[in-house]
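K.L.:
Before I ask anything, here is the structure I am working with.
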Amino acid sequence: MCIPQFLMLQVFVLMLPKGARPQSSFFPSGAVPTPSVLGPVTPGGTPQSSSVETATPQDVPGIFTVDPTPLTPSTPGNKTTDLFPVLPICICDLTPGACDLNCCCDRDCYLLHPRTVFSFCLPGSVRSSSWVCVDNSLIFRSNSPFPSRVFTDSNGIRQFCVLVNNSKLNYFQKLQKVNTTNFQALAAEFGGESFSSALQTQLPPPFYRAGDPILTYFPKWSVISLLRQPAGVGAGGLCAKSNPAGFLESKSTTCTHFFKNLASSCTLDPALDAASYYNFTVLKIPRGMTDLQNIKFQVPVTLLSEATPPLLVGNTCQNAVSQVIYDIETNGTFGIQKVSVSFGQTSLTVKPDVSLQQEFIIHFRVRALLHRGLWGKNGQASQQSISTTLTGPRSGNPGYIVGKPLLVLSGDTSHSMTLLQSQGYGTCSVKRHEVQFGVNAISGCKFRLMEADCSHLQQEIYQTLHGKPTPEHVAIFGNADPAQKGGWTRILNSSCNVLTMNCTSCCFIPVSLEIQVLWAYVGLQSNPQAQVSGTRFLYQCKTIPDYQQVTEVHLTTLVNFVDITQKPEPPRGQPKIDWKLPFDFFFPFKVAFSRGVDSQKGSVSPILILCLFLLGVFNLETT
């Protein structure tokens with residue numbers, strides 16, 4: 001007798017409750033399965049077979065990437081098209097009224113499809129998405145409240161993906177307010193070493209970014225180096241020859257060289273020889289260092305003025321370099337296009353301990369002209385140059401960018417916070433060092449005391465330490481508007497307490513200023529924004545006896561940035577799959593048993609059905 005065998009069909013349902021938390025991550029670039037690639041998005045129910053497409057390698061399940069073309073959602077019945085499908089927060093829009101290259105969310109670019117114009121989109125300028133994928137063969141019906149898609153990956157396996165929208169753990173914790181009471185506690189809890197550095201080995205980036213050191217190459221010795229812009233350090237303003245020049249940072253520096261024996265240094269010291277400032281090539285992009293034999297990545301330095309080598313004639317060193325001016329032409333992410341240099345030369349008299357003050361100027365010019373396409377009445381296209389008045393560069397949009405100026409407010413005027421700067425012989429200069437966000441720095445100089453009473457002297461030194469005009473507020477974000485007072489926070493001042501002294505010829509004056517800045521990342525962890533939470537001026541003072549007889553005093557300023565970011569609790573685990581059988585799976589067996597018991601006792605029908613069921617289960621286990 002042939003006994004039929006029943007095979008059990010397993011049916012599974014993916015249950016993603018609202019409380020489930022996926023272990024997701026975000027990447028700044030890539031391609032997410034867009035509607036044009038993966039078909040329609042199903043908010044729920046059985047996935048449609050028409051949505052099955054072949055995915056690219058970037059669309060592998062479990063990888064969470066960014067849509068290269070930002071899309072603006074539209075509502076049914078609304079025929080209006082958004083001409084600027086951009087993000088509400090555009091972190092790469094750093095130039096007001098002008099189009100930033102490769103910034104796909106910059107409204108000033110007036111581009112409907114930025115990808116057709118830009119070679120790529122900068123990180124953070126396109127929307128990000130988070131997906132969780134499983135094998136589609138395991139899914140019978142999706143009860144997930146989130147949009148879902150089915151597609152075929154590169155291995156030919158159909159994947160079922162759910163777009164997760166659980167934003168609770170995507171944001172940093174809300175910061176507590178910083179005031180005089182808790183400032184010291186937060187600085188002690190989150191602070192550490194002020195001046196620490198960690199060397200990291202990484203591949204060269206594809207293009208220069210603002211502030212990056214500029215790479216140079218010496219073909220004669222096959223050596224890669226950096227374009228230097230010597231700057232003065234210390235009280236004497238001695239030249240720090242290793243100071244690198246920053247990309248797109250047009251600035252001027254001065255420093256002083258001291259020569260013990262100028263007769264021998266005149267022709268041997270490279271600092272006096274103009275040839276040492278142009279006997280190399282500049283790498284157009286950082287990736288050029290991987291192929292040094294390819295000259296298309298190298299830009300020669302062009303001479304704009306005659307450069308005569310130094311020459312010792314009698315008691316005079318002629319043609320010593322006193323000024324170096326670099327003019328660098330760039331073309332956005334295509335790198336450096338042209339480098340030229342000009343010199344200023346002077347003569348020095350040979351004598352013991354002679355000094356020479358040198359000036360180094362670097363000027364960047366962008367060779368990119370933006371035009372806006374317009375359509376005339378006759379339907380012909382025309383071009384019109386965009387001309388705007390810039391209100392000043394931002395230090396971020398909205399969050400601060402490391403290395404950008406720290407913005408402060410004095411009255412209604414916005415400017416950068418500064419530190420002391422020394423000039424020749426170490427005296428305090430009118431020029432000041434700009435404070436860069438996230439960069440700890442220290443500087444000092446010698447302040448010459450003038451004949452004045454103690455109170456006037458105290459006020460003058462205070463102004464010398466913090467600069468003029470006096471900073472009153474600091475910008476919370478890098479794009480703060482001076483007209484919007486809510487975007488600024490008041491600077492806390494911790495001045496020295498005036499001591500009661502019996503000495504009439506003594507004066508209690510400030511000699512040091514420490515600028516303490518507490519900052520933190522806020523917003524999405526995939527797109528963090530740095531904001532300043534609080535700033536404090538901390539002065540240190542000392543008593544100077546017989547101050548009328550003292551001619552100078554050493555002053556010091558330093559800035560210390562403390563990160564007080566509080567990250568959210570880590571997710572508890574991956575979303576779990578709830579395996580369930582249909583609710584009426586055992587109904588036929590219940591009916592069969594009930595009928596067998598009621599109709600006829602001793603019937604073999606229930607026993608036969610049970611045997612067949614056990615046989616089917618045993619067959620599944622063996623196969």
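The values are calculated or read from the model by the stated rules, or taken from the named source; none is laboratory data. Everything quoted here is computed from the prediction, not taken from an experiment. No Cβ is skipped: glycine too gets one built from the backbone with ideal geometry, and neighbour counts run over all protein chains shown. Side chains included, ligands, DNA and RNA excluded: accessible areas come from the protein's heavy atoms. Shrake-Rupley method; radii C 1.70, N 1.55, O 1.52, S 1.80 Å.
K.L.:
List every residue pair whose Cβ atoms lie under 6 Å apart, where the two residues are 6 or more positions apart in sequence or sit on different chains, the first residue falls within the stretch 160-188 and is over 16 Å from Ala520 (Cβ atoms) and modelled with pLDDT of 80 or more, and the second residue, located anywhere, is open to solvent by less than 100 Å² (accessible area, probe 1.4 Å) and among the charged types (D, E, K, R).
P.N.:
As it stands, the answer is Cys161/Arg149, since those pairs meet every condition given.
K.L.:
Scan the stretch 420-431 and tell me whether some residue there is within 18 Å of Gln529 (Cβ to Cβ) and hydrophobic (A, V, I, L, M, F, W, C).
P.N.:
Taking the stretch 420-431 as the starting set, the residues that turn out to be within 18 Å of Gln529 (Cβ to Cβ) are none.
No, the stretch 420-431 contains no residue that is within 18 Å of Gln529 (Cβ to Cβ) and hydrophobic (A, V, I, L, M, F, W, C).
K.L.:
Looking only at the stretch 515-526, which residues are open to solvent by less than 40 Å² (accessible area, probe 1.4 Å) and not hydrophobic (A, V, I, L, M, F, W, C)? Outline the logic, then answer.
P.N.:
Initial filter on the stretch 515-526 (open to solvent by less than 40 Å² (accessible area, probe 1.4 Å)): 515-520, 522-523.
Within the stretch 515-526, Gln516, Gly523 qualify.
K.L.:
Among what's in the stretch 312-367 and is small (Gly, Ala, Ser) and outside any strand (DSSP E or B), pick the residue that is farthest from Ala245 (Cα to Cα). Quick ask: steps written out before the conclusion?
P.N.:
Of the residues in the stretch 312-367, the ones small (Gly, Ala, Ser) are 314, 320, 322, 332, 335, 340, 342, 344, 347, 355.
Subset that is outside any strand (DSSP E or B): 314, 332, 335.
Working: Gly314: 36, Gly332: 17, Gly335: 15 Å.
Among them, the one singled out is Gly314.
K.L.:
Go through the stretch 527-547 and give me each residue that's open to solvent by less than 40 Å² (accessible area, probe 1.4 Å), hydroxyl-bearing (Ser, Thr, Tyr) and assigned to a strand (DSSP E or B).
P.N.:
Answer for the stretch 527-547, where residues must be open to solvent by less than 40 Å² (accessible area, probe 1.4 Å), hydroxyl-bearing (Ser, Thr, Tyr) and assigned to a strand (DSSP E or B): Ser533, Thr535, Tyr539.
K.L.:
Report, by residue number, each residue of the stretch 240-260 that is of a type outside the set (S, T, N, Q), within 28 Å of the chain's Cα centre (by Cα) and surrounded by 18 or more Cβ atoms within 10 Å (Cβ to Cβ).
P.N.:
Ala245, Gly246, Phe247
K.L.:
Please give the number of the condition Leu348 fails out of (1) over 27 Å from Phe364 (Cα atoms); (2) open to solvent by 30 Å² or more (accessible area, probe 1.4 Å); (3) among the aliphatic types (A, V, I, L, M).
P.N.:
The number of the failed condition is (2).
K.L.:
Moving on. Residue check, Val313 against (1) under 27 Å from Leu348 (Cα atoms); (2) open to solvent by 30 Å² or more (accessible area, probe 1.4 Å); (3) touching a residue at least 12 places away in the same chain (Cβ under 8 Å), all met but one. Which one?
P.N.:
Result: Val313 passes all but (3).
K.L.:
If you don't mind, another one. Just a yes or no: is a residue in the stretch 262-282 closer than 30 Å to Arg536 by Cα and assigned to a strand (DSSP E or B)? Spell out the reasoning first.
P.N.:
Residues of the stretch 262-282 closer than 30 Å to Arg536 by Cα: none.
No.
K.L.:
So if I check each of Val299, Val282, which one is among the aliphatic types (A, V, I, L, M), closer than 17 Å to Tyr208 by Cβ and without any contact (Cβ under 8 Å) to a residue 60 or more places away in the chain? Explain how you work it out, then say what you get.
P.N.:
Numbers: Val282 fails: without any contact (Cβ under 8 Å) to a residue 60 or more places away in the chain.
Just a single option satisfies the conditions, and that option is Val299.
K.L.:
Please work out which residue is farthest from Arg209 (Cα to Cα), limiting yourself to the stretch 316-332 and to residues that are buried (at least 17 other Cβ atoms within 10 Å of the Cβ) and under 32 Å from the mean Cα position of the chain (by Cα).
P.N.:
Across the stretch 316-332, the extreme among qualifying residues is Val324.
K.L.:
Those residues that are surrounded by 12 or more Cβ atoms within 10 Å (Cβ to Cβ) and out of contact with any Leu (no Cβ under 7 Å at 6 or more places or on another chain), I need them from the stretch 290-303; list them, please. Before the answer, list the steps.
P.N.:
Here is the first cut: in the stretch 290-303, the ones surrounded by 12 or more Cβ atoms within 10 Å (Cβ to Cβ) are 292, 295, 297-303.
Correct list: Leu292, Ile295, Val299, Pro300, Val301, Thr302, Leu303.
K.L.:
Conditions: (1) within 24 Å of the chain's Cα centre (by Cα); (2) in a loop (DSSP other than H, G, I, E, B). Ala187 meets all but one. Number of the miss?
P.N.:
Checking Ala187 against (1) within 24 Å of the chain's Cα centre (by Cα); (2) in a loop (DSSP other than H, G, I, E, B), the one that fails is (2).
K.L.:
Looking only at strands (runs of 3 or more DSSP E) that fall completely inside the stretch 380-433, which ones have 2 or more residues that are at pLDDT 90 or above and open to solvent by less than 20 Å² (accessible area, probe 1.4 Å)? Before the answer, list the steps.
P.N.:
Working: elements: 381-385, 407-410, 413-416.
Correct list: 407-410.
K.L.:
So, in the stretch 105-148, exactly how many residues are open to solvent by 20 Å² or more (accessible area, probe 1.4 Å) and part of a strand (DSSP E or B)?
P.N.:
Final tally of qualifying residues: 5.
K.L.:
Taking the stretch 209-239, which residues are open to solvent by 60 Å² or more (accessible area, probe 1.4 Å), in a loop (DSSP other than H, G, I, E, B) and of a type in the set (D, E, K, R)?
P.N.:
Within the stretch 209-239, Arg209, Lys220 qualify.
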